[in-house]
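No lab work stands behind these numbers, since they all come straight from the coordinates. For clarity, every value in this text was computed on a predicted model and none was experimentally measured. All Cβ positions, even for glycine, are placed from backbone atoms using ideal geometry, and neighbour counts span all protein chains on display.
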Amino acid sequence: MPDYVIAPPAVSAVPIKGSTQLFPVRRIFCVGRNYAEHAIEMGSDPTREPPFYFTKPADALVTGGADMPYPPASKSLHHEMELVVAIGTGGANISVEDALKHVWGYCCGLDMTRRDLQNEAKKTGRPWDMGKGFDRSAPMGDLIPAASFDPSKGKIELKVNGKVTQVSDLAKLIWSVPEVISNLSHLVTLAPGDLIMTGTPEGVAAVVKGDVLEGMVEGVGEVRTRIV
């Protein structure tokens, strides 16, 4: 056993639906502006420009329906409902045709965003890290195996306190799941345990303490958290 000078960090993991097993998480990649309507509401052109990515730390996960603390240093916390892809087989330069063979499973996720910090970073040309990659910024539901789901279509929806705020269909992704996996694998070597958050539809909005967020992707499951 290695003789570490401090205790190694705990392994972050996503529960698997109907199982006591867990999916260990290595990295969390997020695709920016991957639905046309969301690109428009964020002031961007919804054409098929090459995808771009940002990341969250693995320990940003919130699972099991646990509460999410309202983060410090922000007065504008926004929800972004997404389909999450879990990579089971790594690789580089993966073809679009082979991309889905690398997927272990899927779950629902929330890319929680300190919008005020992100917008300030955009204005100054600085990285988005503190707007996106803060503590407990990635609530996620349980994973389902890849064989039981077709990511090319399906309703995606988020309710805040029972009211629908985001609703769309995976068929409206600008870059499909196989295209995203392929493109990202040409930038980094994907590895087992990587998660890819595939983008959010229109309707992102601020939430406050006490709000209950309930998201779903048809055929995948749900994600739930309460802001505290």
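Values computed for the structure shown
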read-out: J(HN,Hα) series, the stretch 73-79, from Karplus relation 6.51 cos²θ - 1.76 cosθ + 1.60, nearest Hz, glycine and proline x; value: 6, 9, 10, 8, 8, 10, 8
read-out: Cα centroid of the stretch 162-176 to Cα centroid of the stretch 52-75, whole Å; value: 21 Å
read-out: Length added when fully stretched, VAL208-ASP169, from 0.36 nm per residue minus Cα-Cα; value: 11.4 nm
read-out: Neighbour count of at most 12 Cβ within 10 Å plus DSSP loop: longest chymotrypsin sites (Phe, Trp or Tyr not before Pro)-free window in the chain; value: 53-228
read-out: THR124 versus SER152: modelled label distance in nm, points set 7 Å from Cα along the beta carbon direction; value: 4.6 nm
read-out: Coil-residue trypsin sites (Lys or Arg not before Pro) of the stretch 20-82, DSSP, other Cβ within 10 Å capped at 15; value: ARG26, ARG48, LYS75
